[in-house]
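What follows is calculated from the coordinates using simple rules that are stated; it is not laboratory data. Please read all numbers here as calculations on a predicted model, not as lab measurements. Quick reminder, even Gly has a Cβ in these numbers, built from the backbone with ideal geometry, and neighbours come from all protein chains shown.
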Amino acid sequence: MSSSFEKHQKRRLISSYFSVVLSIALVLFLLGLLGMLILNAKKVSDHFKEQVVVTIYLKESAKEVEIKQLEKSLAMADYVKSTEYVSKEQAAEFMKALNGEDFMDFVGYNPLQNSIDVHLKADFVTSEHLDKISADAVAKNFVDEVSYDNDLVNLMNDNVKKISFWVLIVSAIFTLIAVLLINSSIRLAVYSKRFTIKTMQMVGATKQFIRRPFVWRSVKLGMVGAVLALAGMAIVLYYLNRTFSELELLSNPVLIAFLFVFVFGLGVVITWISTHFATQRFLNLRTDQLY
């Protein structure tokens, strides 16, 4: 009978530990994913900004030496990421592939123009910079016009600001929720041992002596949960880096290591603080209040 009761208590204890570890791991995993989003938010927004193309259309009278000089000056400019010269023949081939038919069969000639596609660095993809770049290019007598989607640029910049604001708000809220959830799990685990705590106190054990094993056990559970969370984060990060290699998510290993250390430390600190205050609460209760 006694053996059966002990097995039942052992199963309950293991189940309680498993619940604590699982809750810590899930909360820290989600918090870590949010951290990865914050760290890479600028990189992602920069990637999309740098997809904006500024097209400089050239006049038929443009000389090859003038085009080469313009390409060279653009390549050396601090606001340009890359340039590509597109001849009107290449443009016609692209239109043919896009539409599935040769439009020159109907027109009789190639009405397209030679052009230079310019990709700017993300920090310069603003209406002010684009207007200035466009004005400088149009000032050259062999440039016909400069084309870019100004509405898209404004919409993109506005959305980046809004998303950045809400990501910070959500991060703060989620961090608070994470602390509360882990704290609740720890308090439930300590609650199941409230009579043990009171018994130890009644036989003369000091508060520090009583707290120590509970805190150390919770910290170990926090470490296990944090390791599981970090393993999940590593798998997700590896998958995202392979799927979206152009974002170069692993280009800054120091920052990633800092995030992993932060998540692990957070798991340890929260469990330590939660256990300390949970045991302190039951130590301060009278015996009749335990019920």
Total charge dipole magnitude, region 24-68, about the Cα centre, Cβ charges on Lys, Arg, Asp, Glu only, Debye to nearest 20: 100
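Would you mind estimating how fast region 223-276 diffuses translationally, via Stokes-Einstein at 4 °C and 1.567 mPa s with the Kirkwood radius over Cα pairs, in µm²/s?
Rounded to a whole number, D works out at 106 µm²/s.
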Please list, ordered by chain and number, the residues whose modelled amide H lies under 5 Å from the amide H of VAL80; skip anything fewer than 5 residues away on the same chain. LYS121
If every Lys and Arg gets +1 and every Asp and Glu gets -1 at its Cβ, then about the Cα centre region 124-184 yields a dipole, in debye to the nearest 20, of 420
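Contour minus end-to-end for ASN241 and LYS96, with contour as 0.36 nm per residue of separation and end-to-end as the Cα-Cα distance?
In short, 48.8 nm is gained.
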Please report, in Å, the Rg and the Dmax of region 143-192, where both are computed over Cα atoms only. 22.5, 79
Given contacts defined as C-alpha pairs under 8 Å and at least six residues apart, what's the relative contact order of region 119-232, whole-number percent? 15
